[in-house]
1. Compute the distance in nm between two label points, each set 7 Å from the Cα along the Cα-to-Cβ direction, one at B:Leu50 and one at A:Val218.
2. Between B:Ile58 and B:Asn15, with labels modelled 7 Å along Cα→Cβ, what's the label distance in nm to one decimal, could you check?
3. Convert each backbone phi in segment A:210-220 into a coupling constant with the Karplus relation 6.51 cos²θ - 1.76 cosθ + 1.60 (shift: θ = phi - 60°), then list the ³J(HN,Hα) values in order as whole Hz, x for Gly and Pro.
4. I'd like the distance between the alpha-carbon centres of segment A:219-242 and segment A:43-94, rounded to an integer number of Å.
5. Treating only the Cβ of Lys, Arg, Asp and Glu as charged (+1, +1, -1, -1), what charge dipole size does segment B:108-179 show about its Cα centre? Round to the nearest 20 debye.
6. Over the protein assembly as shown, give the accessible area per residue in Å² for a 1.4 Å probe, as an integer.
7. Provide, as a two-decimal number, the C-alpha radius of gyration of segment A:64-236 over 2.2 N^0.38 Å, N being how many residues it has.
8. Please report the equivalent ellipsoid semi-axes of segment B:123-179, computed as sqrt(5 x eigenvalue) of the Cα gyration tensor, largest first, in whole Å.
Amino acid sequence: MKKNRLLDLFTNNRFYKSIFRHGYPDDDIKRSEVVTGNLLLHIQPVKVHKNTIRAGYTLGLGLIAFYLFIILTATGILLMFYYIPSIERAYNDMKDLEFAVSFGIILRNLHRWGAHGMVAFVFLHMCRVFFTGGYKPPREFNWGIGVVLLIITLFLSLTGYLLPWDQLAFWAITIVANLIGTSPPESIMGANLRQLVLGGTIVGQNALIRFYVMHVVVLPLVAAALIGVHFWRIRKDGGISRPAEE
Amino acid sequence: MDKKEEPAIFPKNPNKTYGLMELTKTKSFQIEKGPDNTVTSWPHLFFRELILFMGVFIALMTISLLFNAPLEQEANPSNTPNPAKAPWYFLGLQEMLSWAHPFWGGIFAPTVVVIILMLTPYFDRSQKGVGVWFAPERKIANLLFTIFLVLAVGLIVVGEFFRGPNWQIFWPWNMPSPH
Ligand code: HEM
């Protein structure tokens, strides 16, 4: 292969090689080093089956869900600089994001629409896996992890829904709290569960801080850990499912 | 230190359509194994992943520049909107709440759905049709799942667009404004 002079200038030097430990990946050994020598990439295989990269097979749906999770984490951290989970301040912080913070409204929009998108794409991804039979052995367990991920995604979305502390938030969570209160036997199970979720009998400050902590710490950590297991299992199960070869 | 290019022990012969690619230490013969149909992740997989990320980001950014996230009046426990609605992904549940004791629609039904979803791969184990969209061998499974989808999405659509004050049915274009 003819060497590209410009590429060579950037990649064939001490500095570049001190970071990536290989030159420009123009042969299979270096191509494999791209994967094995990179912390972020090495969770993926060095080689993949052609069916895996066929856009029409996975439609990229699982990956889109993952990307939205990453974008949500990044925008969520930025939002935490401006948002204080107090019933006196939360709503004003949302107004400030809209009118006072530079690009605050875009930050909020990215997070809000991204969250709706993640729920939708996780669901679509599940449909893809079902309609291609991707849950069949040996992938039973990973399908189960997926179902848990779907539930966590819903709870992430729900806990975030309360945080703006507007009418939409307040009454949506009131409905869900009342629903939890109907778990039988209501007087023991339901009432106590509701108390546990809200930290009281109404949606107030205690509920807000509970939802906040779940939303920014507990659920994202659990989701990230399970996504890790999900990806690891994809490899252990032999990569993405594919038609039997003749 | 730089890795020196290994001198080519087996130079490529342009007149041959095959060549010795590499020596491997394996315990079995690699001949007559058939093509393995794989490609290297770099660049085939990673570039597709990168492009998909850019697509997702651009799409989300476009939506975020065009539409603002909703923000209503500040929360007011003494002013109940009519109807008060859960987020759309829970509207199917809220819809079922109105049919019977809330426990059945709100807790029992979703629990059963989750259990059935989790157990499906332990019962539906045949390898026929794996890796193919809507494989004809999987007609029954696909039909059942489609019914589940239509119900789940249908209930959400009813809850979101057809339910008005006092959870009465309205046509979307006749929907009275809340409050
Ligand atoms: C946060 C949520 C989730 C993320 C980020 C995620 C991510 C992924 C990714 C990136 C893949 C690789 C193939 C692809 O892109 O389609 C995958 C495969 C898979 N996912 Fe998910 N997933 C999630 C939720 C789910 C759910 C809800 C289910 C099912 C109930 C599920 C079941 C599976 C299975 C069985 C595979 C292997 C499919 C195959 O081999 O064909 N995942 N997931």
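The values are calculated or read from the model by the stated rules, or taken from the named source; none is laboratory data. None of the values given here were measured: they were computed from a predicted structure. So basically every Cβ, Gly included, is an ideal-geometry build from the backbone, and we count neighbours across all protein chains shown. Side chains included, ligands, DNA and RNA excluded: accessible areas come from the protein's heavy atoms. Shrake-Rupley method; radii C 1.70, N 1.55, O 1.52, S 1.80 Å.
1. The two pseudo-label positions are separated by 4.1 nm.
2. Once both label points are built, they end up 5.0 nm from each other.
3. 5, 5, 4, 5, 4, 6, 9, 10, 5, 5, x
4. Answer, in whole Å: 15.
5. Working: 5 positive and 3 negative charges, 37 e Å.
Value, rounded to 20: 180 debye.
6. Values: 25520 Å² over 425 residues.
The answer is 60 Å² per residue.
7. Details: Rg = 17.8 Å, N = 173, 2.2 N^0.38 = 15.6 Å.
Normalised Cα radius of gyration, segment A:64-236: 1.14.
8. Working through the eigenvalues yields semi-axes of 40, 10, 7 Å.
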